[in-house]
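A short write-up of the structure that comes next.
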Amino acid sequence: MYQARLKPCAALLLLVVTMVAAMPTAVLAASDPIEPINRGVYKFNDFTDRWVLRPTAKAYDKVVPGFLKSGISNVFDNVGTPAIAVNQLLQGKPLRSLSDTGRFVVNTTLGVGGLIDVATHAGFAKHDEDFGQTLGVWGAGSGSFLMLPFLGPSSVRDSLGYAVDSLMNPIRLVKPAESRAAVIALYAIDLRVALLGVDQLVTGDEYLFLRDAYLQRRVFSVNDGVTDEDPFADDGFDDDGFDDE
């Protein structure tokens, strides 16, 4: 199954699984007016992943030394950092934007073009922001859910955000076109390798699971992990018995 648009992190997917299981039914209600079309695209993505991307990722993971895989992942993380810094600023978080800028400078210089993640050890935290989240912070709703060919789960808002972020990605400047295509392919493989260990976590109707997990994760990301609902508000307990006398 194709999951490249889910963040390549097993811990994050486990968090999403927990959140989806615990969230109210109303929250799970998704705007998916073209579900039949989306399911068709999902089947295409799943076929592509099952017969091309996953086998390639498994071979890559087996053959490429760990230190080299880590370095490649670090480089891709690094080239995406300027866009993160810009989105931090657009979201009204100048200090985080400054931190991400510092992270990029440190890793690009001391980290040999980003091969080594020196910045994390130097105290520059790693963040994850994109223009879709920025639009959400500005008040734009996610719009209808979309399953994009090759890219996977998205929405009307996040599709626009993805297009804007792509313009800020230095990979688009790689020339000639053949070299750029090779870099993009390596990036896709790098993402897929990180998800090899979590395939078995998705059960039941995989399309519904990925849709609901994606939408809930995006709400979580736009709000920086802050939810509007108190999960203990209606737990049947009151605080009277815990008041200090």
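The values are calculated or read from the model by the stated rules, or taken from the named source; none is laboratory data. Every value quoted in this text rests on a predicted model; they were computed, and no experiment measured them. Positions of Cβ are backbone-derived with ideal geometry, glycine not excepted, and every protein chain shown enters the neighbour counts.
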N78 passes all but one of the listed conditions (1) part of a helix (DSSP H, G or I); (2) over 26 Å from R157 (Cβ atoms); (3) without any contact (Cβ under 8 Å) to a residue 12 or more places away in the chain; (4) of a type outside the set (K, R); the exception is number (3)
Can you go through K7, K62, K69 and tell me which one is at pLDDT 95 or above, under 21 Å from the mean Cα position of the chain (by Cα) and surrounded by fewer than 20 Cβ atoms within 10 Å (Cβ to Cβ)? K69
Please specify each residue of the stretch 128-141 satisfying the condition of being part of a loop (DSSP other than H, G, I, E, B) and within 15 Å of the chain's Cα centre (by Cα). D128, E129, D130
With N38, N87 as the choices, which residue is surrounded by 12 or more Cβ atoms within 10 Å (Cβ to Cβ), at pLDDT 95 or above, in a helix (DSSP H, G or I) and under 15 Å from the mean Cα position of the chain (by Cα)? N87
Using beta carbons and a limit of 7 Å, which pairs, at least six apart or on different chains, have the first residue in the stretch 49-62 and more than 14 Å from A185 (Cα to Cα) and the second one crowded, with 16+ Cβ neighbours inside 10 Å? D61/V193
Given the conditions (1) surrounded by 16 or more Cβ atoms within 10 Å (Cβ to Cβ); (2) at pLDDT below 95; (3) not in a helix (DSSP H, G or I), which single one is not true for L13? (3)
Return yes or no: is L191 closer than 20 Å to R211 by Cα and either part of a helix (DSSP H, G or I) or of a type in the set (D, E, K, R) (or both)? yes
Within the stretch 90-121, the residues that are surrounded by fewer than 20 Cβ atoms within 10 Å (Cβ to Cβ), of a type in the set (D, E, K, R) and part of a loop (DSSP other than H, G, I, E, B) are K93
